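Below: the structure, in structure tokens.
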Protein chains: 2
Amino acid sequence: MTDKLTEAERAEQIAPLLAAGWAMVDGRDAIHKTFTFRNFVEAFGFMTKAALWAEKWNHHPEWSNVYKTVEVTLTTHDADGLSALDAKLGAKLNALAGE
Amino acid sequence: MTDKLTEAERAEQIAPLLAAGWAMVDGRDAIHKTFTFRNFVEAFGFMTKAALWAEKWNHHPEWSNVYKTVEVTLTTHDADGLSALDAKLGAKLNALAGE
């Protein structure tokens, strides 16, 4: 799960995320997305749900929060780039945000 | 609570935080602190406790988390700088982190 993705795997696992609000990060093999909610309760509620999955999968986001906005960056430090775990967590975050 | 602090109030309310791990942010009337925990569960546990107080007081931090590290910036947008709410939340965050 933590090997860096091949080109074929990216086409299969990362491309759908890039079509669903995620974008490649400049200068890093990582993906980023800004999630916007109605208020802090909803934003932090999303983070709480995401935190449980992140801990369960032992794969944690780099993220920040200002009131109703949550910025998330996903990459796999052990793989020095995107792995299947990032694809899995990215899809889960979209689902948790109701997308 | 949301008026910008006077110099006298800063000496009373902000100085103790600057002596307890907080620092002024360059170019902003804001304070910043890096909290480091043993792991993600402890870091996010701290954020969860902090989030409940932030929502109760309707005063929310700008913060980011990477695994066991939580970076927090406090300021009061309505006051265009530090207010008593920042002093109160800063002291609460120190207490929640066990400091």
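The values are calculated or read from the model by the stated rules, or taken from the named source; none is laboratory data. Just so it is clear, the model here is predicted, and its values are computed rather than measured. Neighbour counts run over all protein chains shown; Cβ positions are idealised from the backbone, glycine included.
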For residues that are at the interface with another protein chain (Cβ under 7 Å from one of its Cβ atoms) and either buried (at least 18 other Cβ atoms within 10 Å of the Cβ) or at pLDDT below 95 (or both), scanning just the stretch B:44-53, find the one that is nearest to A:Phe44 (Cα to Cα). B:Ala51
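Tell me the residue from A:Glu12, A:Glu99 that is modelled with pLDDT under 95 and of a type in the set (Asp, Glu), please. I'd like the intermediate steps shown before the answer.
Working: A:Glu12 fails: modelled with pLDDT under 95.
Being modelled with pLDDT under 95 and of a type in the set (Asp, Glu) holds for just one of A:Glu12, A:Glu99, which is A:Glu99.
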If you take the residues in the stretch B:54-66 that are surrounded by fewer than 16 Cβ atoms within 10 Å (Cβ to Cβ) and touching a helix residue (DSSP H, G or I) at 6+ places or on another chain (Cβ under 7 Å), which one is farthest from the other protein chains (Cβ to nearest Cβ)? B:Trp57
The stretch B:67-99, residues that are under 13 Å from B:Phe37 (Cβ atoms), in contact with a Ser or Thr (Cβ under 9 Å, 6 or more places away or on another chain) and of a type outside the set (A, V, I, L, M, F, W, C): B:Lys68, B:Thr69, B:Glu71
How do the pairs read when you match residues in the stretch B:79-99 that are farther than 18 Å from B:Glu42 by Cα with residues anywhere that are polar (S, T, N, Q) and surrounded by fewer than 17 Cβ atoms within 10 Å (Cβ to Cβ), using Cβ under 7 Å and keeping only pairs 6 or more apart or on different chains? B:Ala79/B:Thr2; B:Ser83/B:Thr2; B:Leu85/B:Thr2
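Please indicate, with yes or no, whether at least one residue in the stretch B:42-65 is touching an Asp or Glu at 6+ places or on another chain (Cβ under 8 Å) and among the β-branched types (Val, Ile, Thr).
Here is the first cut: in the stretch B:42-65, the ones touching an Asp or Glu at 6+ places or on another chain (Cβ under 8 Å) are B:44, B:59, B:63-65.
Those left that are additionally among the β-branched types (Val, Ile, Thr): none.
No; the residues of the stretch B:42-65 include none that is touching an Asp or Glu at 6+ places or on another chain (Cβ under 8 Å) and among the β-branched types (Val, Ile, Thr).
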Flagged in the stretch B:75-87 as within 12 Å of chain A (Cβ to nearest Cβ) and buried (at least 16 other Cβ atoms within 10 Å of the Cβ), in numbering order, are B:Thr75
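Being over 16 Å from B:Thr2 (Cβ atoms), touching a residue at least 40 places away in the same chain (Cβ under 8 Å), away from chain A (no Cβ under 12 Å) and of a type in the set (Val, Ile, Thr) narrows it down to one residue among B:Val25, B:Val72; which is it?
Working: B:Val72 fails: away from chain A (no Cβ under 12 Å).
Just one listed residue meets the conditions, B:Val25.
Inside the stretch A:6-42, can you point out the residues that are of a type outside the set (Val, Ile, Thr) and over 15 Å from the mean Cα position of the chain (by Cα)? Give the steps one after another, and end with the answer.
Residues of the stretch A:6-42 of a type outside the set (Val, Ile, Thr): A:7-13, A:15-24, A:26-30, A:32-33, A:35, A:37-40, A:42.
Scanning the stretch A:6-42 gives A:Glu7, A:Ala8, A:Glu9, A:Ala11, A:Glu12, A:Asp26, A:Gly27, A:Phe37, A:Arg38, A:Asn39, A:Phe40, A:Glu42.
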If we only count helices (runs of 4 or more DSSP H) wholly inside the stretch B:1-96, which ones have 2 or more residues that are within 28 Å of A:Thr76 (Cα to Cα) and not aromatic (Phe, Trp, Tyr)? B:40-56
Which one is nearest to the other protein chains (Cβ to nearest Cβ) among residues in the stretch B:28-43 that are in contact with a strand residue (DSSP E or B) (Cβ under 7 Å, 6 or more places away or on another chain) and farther than 13 Å from B:Leu93 by Cα? B:Ala30
